[in-house]
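The values are calculated or read from the model by the stated rules, or taken from the named source; none is laboratory data. Everything numeric in this text was worked out from a predicted model, so none of it was measured. In this analysis, Cβ positions are derived from the backbone assuming ideal geometry, glycine residues included, and neighbour counts consider all displayed protein chains.
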Amino acid sequence: MIDLRKLEAFIKVYETQSFSKASKFLHLAQPTITLQIKDLEEFLGIKLFERHTRKVKPNKAGKIVYTYGKQIARLLKEMEKELELIKNEKGGIIEIGGSTIPGQYILPKVIKRFKEENPDVSVFLKVGDSKEIAEKVLRGDFDIGMIGAIFKNKELVYIPCYEDEIILIGPSGSPKTEIELKELYSISLIKREEGSGTWKRAIEILHKEGIHIEKLNIIGEMGSTEAVKEAVKAGLGYGFVSSLAIKLETQLNLIKVIRIKNVFIKRKFYFIYNKLKQMTPLEKSFIKFVKNLASLD
């Protein structure tokens, strides 16, 4: 049988294209990683990587082993979780990926309340942009994800769970609290990175309202909501953010909410999971818990 530890080492080297990066991720010495890959290649009777350059590039055999290896690792992980639930009906582990807004402003509070009712459950949360979380759910890095955008991928299942509003914010000294839609062309805008669900939804609605996105005066791009807020507070320009992210700043008059006349940018947050994955009772219970909380808000 293939040694699972050696398979995991191979998967991480494949994804990082580096023995040193894989060793840091797995908290193992680089010679150990190298030996594990060598043992796996000897067991399979074929080389899995090309080592002619600085980067470690997988060959055709490596790509085949990676495709099946990811499925094997995911199935073993799911089996361990199912067995853990049988051994301890009240316990278990959930690994969640949250995009920026759910990950920073929704899930931490929800997880706290869920843990109060289920103290033996361990919940691990990691934050990234919506596109990154979707990709990692598909790869099996997370059991479930919570994001604010829908991507065209038939392998993902979307379960609506929260509603949000995306609003335009400006510096505290902004002269207006409401603008006409076409006035967007005359202000300096700070955008989010392309994987951001907030930015994706904002430009979708603006495009539907007749705004030519390419004509907007975009002066910079930020990699997080916090960075957009800081840039706006510094007077660099205006930005689109979630209403959930600015409660403190508006209370302290650090920024100003700018309404766009007759335009409302609403969006939903979704739980996502890989439809090829069998959801555990614990994961279903967590999703139900979150949806119940949302309906009470």
Open item on the list: Would you confirm, using the coordinates I've provided, whether E95 is closer than 29 Å to R201 by Cα, at pLDDT 90 or above, assigned to a strand (DSSP E or B) and among the acidic types (D, E)?
Closed with: yes
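Which of the following residues is surrounded by 16 or more Cβ atoms within 10 Å (Cβ to Cβ), part of a loop (DSSP other than H, G, I, E, B), not assigned by TED's automatic domain parsing to the domain that holds V137 and not charged (D, E, K, R): I205, I211?
I211
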TODO: Determine, yes or no, whether E226 is touching a Lys or Arg at 6+ places or on another chain (Cβ under 7 Å), at pLDDT below 95 and either surrounded by 10 or more Cβ atoms within 10 Å (Cβ to Cβ) or not in a helix (DSSP H, G or I) (or both).
DONE: no
TODO: Determine which member of the set I2, I11 is of a type in the set (A, V, I, L, M, F, W, C) and modelled with pLDDT of 85 or more.
DONE: I11
Task: Test: residue in region 128-149 that is touching a residue at least 24 places away in the same chain (Cβ under 8 Å), β-branched (V, I, T), more than 30 Å from E8 (Cβ to Cβ) and buried (at least 19 other Cβ atoms within 10 Å of the Cβ) - done: no
